[in-house]
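Asks: Okay, handing you the structure first.
Laboratory data are not the source of any read-out in this text; all were calculated from the coordinates shown. Keep in mind the model is a prediction, meaning the values are calculated, not measured. Here the Cβ positions follow ideal geometry from the backbone for every residue, glycine too, while neighbour counts run over all protein chains shown.
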Amino acid sequence: MLLAIASVFAVSGIAAALAALLVVAQKYLADYGECEIDINGEKKLTVQGGASLLESLTQNEIFIPSACGGRGTCAYCKLKVVEGGGPIVPVEEPYLSPEEREEGIRLSCQVKIRNNVRVEIPAELLSVKQYTCTCSRIIDLTHDIKEFRFELRDPPEISYTAGQYIQLYCPPYDGTGDVYRAYSISSNPAEKNVVDLQVRLVPGGICTTWCFEHLKEGDEVILNGPYGDFRLSDTDAPIIFIAGGTGMAPIECMLNDMRNTGNRRQATYFFGVNRVDELFHKEAMQGFERDLASFRFVPVVARPGEGSGWTGETGLVTEALERNLAPAERSKDSGERRASPASASEAYLCGSPGMIDASIAVLTNLGMPEENIFYDKFA
């Protein structure tokens, strides 16, 4: 019995000693001192070693997109590390192609600053700014989607391309850490002093819970941006928009821009929801139908339910695509089957990965070249 007790105390003592050594090692051995980050060979930052490349850049007001809070799960924060990044860590491996590894592309949230580092950062990211705003309006769009309007104070205006997104700062609350989350801009690009976001509540989501349960009208909000290359191409090809839920945001922004610029491209917008009460901004879509020369809004309700009075398209949005874009019947004169209108169009998709992947499969089957399909997946 005494031997067993002595063994327990011995093991406990060893564990305590190892823990103490670890603390000392972290304090002294992991003290990398001051390190230098060389950006594009044009700008040098002096930072304290030990933090991630992403964190070090953010502290110096260079904002790299990161929707996962630096956990290495979104892969938005890719940068080219020319020198000093160390070996690729296991967290990065699933997100880097062989070509990217060869080129030196890394997840900046996983690169630790332990020595001097040389990186290349695209010019458009170096122009990203941080904005202090006031939350001036909160509207319930559905049972789980709210629209937030943020009025910019410092700087007072933002310029962006329709389809881009911002990162919203979520401060610590109820024991959480602070995080940034990405949301597409839904507002009119001509209104440079405001940013509108459509946010769906994600059960257990840190930022969406803060938005729904803590953020109030009049509160100060911090965001940065703009980011992203989801935007309309400069062609005359007919447009097929496809979205579900908060995928409405960048599409609505594009429609606002089309109205602002007098864009006369033919456009059809398929918007899919599960129930009739999940449809929102119907009046805004009717306004676009009035103001845009060749625009048609096609809401699709998967399960209307008895007594809903719904007379529009039903089923999955992909089923509505097939019904509306199926190849025309054979010509009476030649007997040849006419091509689907999708074959000469461009598609812009926004929503869940599953919806986007299924829509791409339908569009390519209808003859649309993959290079004509552009999308923004809300993972």
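Asks: Multiplying the sequence separation of Lys44 and Arg323 by 0.36 nm and subtracting their Cα-Cα distance, what value in nm do you get? Show your work: numbers first, answer last.
Replies: Details: separation 279, 0.36 × 279 = 100.44 nm, distance 5.69 nm.
The Lys44-Arg323 span can extend by a further 94.8 nm.
Asks: Moving on to the next point. What helices does the chain hold that run 15 Å or longer along their axis, going by alpha-carbon atoms, with a Kyte-Doolittle average of -1.0 or more, using DSSP H for the helix calls? Don't jump to the answer; show the numbers that get you there.
Replies: Values: long enough: 2-24 (33 Å, 2.61); 248-261 (20 Å, -0.18); 353-365 (18 Å, 0.92).
Flagged H segments are 2-24, 248-261, 353-365.
Asks: For Asp219, which sequence-distant residues (separation of 5 or more, or a different chain) have an amide H within less than 5 Å of its own amide H, given hydrogens modelled in the peptide plane?
Replies: Under 5 Å from the amide H of Asp219 lie the amide H atoms of Cys135, each far enough along the sequence or on another chain.
Asks: Here's another thing I want to ask about it. Which order do Ile240, Ile158 fall in if you start with the one that has the fewest other Cβ atoms within 10 Å?
Replies: Working: Ile240 27, Ile158 23.
Fewest to most other Cβ atoms nearby, the residues stand as Ile158, Ile240.
Asks: Could I ask something else about it? Given the -39500 (n - 2.57) contribution per DSSP H run of 4+ residues, what per-residue ellipticity at 222 nm results for the chain, rounded to the nearest 500 deg cm²/dmol?
Replies: Values: 9 runs with 94 residues, N = 379.
The per-residue figure over the chain is -7500 deg cm²/dmol.
Asks: Excluding same-chain residues fewer than 8 positions from Lys377, which aspartates and glutamates have a Cα within less than 15 Å of its Cα?
Replies: Asp229, Asp357
Asks: Can you tell me which of 242-255, 141-154 comes out highest on packing, and rank the rest after it, using the mean Cβ neighbours within 10 Å? All intermediate terms of the calculation are to be shown ahead of the outcome.
Replies: Working: 242-255: 26.1, 141-154: 17.0.
Sorting 242-255, 141-154 by mean packing, highest first, produces 242-255, 141-154.
Asks: Count the net charge of all other residues whose Cβ sits under 10 Å from the Cβ of Leu141, scoring Lys and Arg as +1 and Asp and Glu as -1. Provide the component values of the computation, followed by the final result.
Replies: On the way: positive: Lys146, Arg200; negative: Asp140, Asp144, Glu147, Glu278.
My count for the surroundings of Leu141 gives -2.
Asks: So what are the ³J(HN,Hα) numbers for segment 223-233, from phi and the Karplus equation (6.51, -1.76, 1.60; θ = phi - 60°), rounded to whole Hz, Gly and Pro as x?
Replies: For segment 223-233, the Karplus-derived couplings read 9, 9, x, x, 10, x, 10, 7, 7, 5, 6 Hz, x marking Gly and Pro.
Asks: Given a Förster distance of 35 angstrom, what is the FRET efficiency for Ser233 paired with Thr134, based on the Cβ-Cβ distance and rounded to 0.05?
Replies: Numbers: r = 35 Å, r/R0 = 1.00.
My answer for the efficiency is 0.50.
Asks: Still on this model: For the chain, what relative contact order do you get, as a whole percent, if you take Cα pairs closer than 8 Å and at least 6 residues apart? Numbers along the way, then the final one.
Replies: Numbers: 724 pairs, mean separation 44.0, N = 379.
Answer for the chain is 12 percent.
Asks: For semi-axes √(5λ) of the Cα gyration tensor in Å, one of (1) 36, 24, 20; (2) 46, 25, 24; (3) 85, 31, 17 was computed from the structure I shared and the rest are decoys. Which label?
Replies: Computed from the coordinates, semi-axes √(5λ) of the Cα gyration tensor in Å corresponds to (2).
Asks: Is the C-alpha gyration tensor of segment 128-227 telling us rounded, prolate or oblate? Criteria: a/c under 1.5 is rounded; beyond that, a/b larger than b/c is prolate, otherwise oblate. Present the calculation step by step, with values, prior to reporting the outcome.
Replies: On the way: a/c = 1.63, a/b = 1.38, b/c = 1.18.
Note, shape of segment 128-227 comes out prolate.
Asks: Which of the cysteines found in the chain have nothing to pair with, since no other Cys Cβ lies under 4.7 Å from theirs?
Replies: When partners are defined as cysteine Cβ atoms under 4.7 Å apart, the chain leaves Cys35, Cys77, Cys109, Cys133, Cys135, Cys211, Cys253, Cys350 without one.
Asks: What FRET efficiency do you get for Asn365 and His214 if R0 is 45 Å and r is their Cβ-Cβ distance, rounded to the nearest 0.05?
Replies: Working: r = 45 Å, r/R0 = 1.01.
Efficiency at R0 = 45 Å is approximately 0.50.
Asks: Working out 0.36 nm times the residue gap between Ala284 and Glu99, then minus their Cα-Cα distance, what length gain in nm do you get to one decimal? Walk me through the intermediate numbers first.
Replies: Values: separation 185, 0.36 × 185 = 66.60 nm, distance 4.41 nm.
Here the segment from Ala284 to Glu99 would lengthen by 62.2 nm.
Asks: Would you list, by chain and number, the lysines whose Cα falls below 21 Å from the Cα of Lys44, excluding same-chain residues fewer than 8 positions away?
Replies: Lys78, Lys80, Lys112, Lys129
Asks: Can you tell me which of 276-283, 317-324 comes out highest on packing, and rank the rest after it, using the mean Cβ neighbours within 10 Å?
Replies: The densest-packed peptide leads the list: 317-324, 276-283.
Asks: Further question: Please work out the FRET efficiency for the pair Asn260 and Ile88, using the Cβ-Cβ distance as r and a Förster radius of 41 Å; give the result to the nearest 0.05. Numbers along the way, then the final one.
Replies: Details: r = 44 Å, r/R0 = 1.08.
So, using R0 = 41 Å, E works out to roughly 0.40.
Asks: Check Phe270: other-chain or 5+ apart residues with amide H under 5 Å from its amide H, H built from backbone geometry?
Replies: Residues meeting the amide H criterion: Phe241, Ile242, Ala243, Val298.
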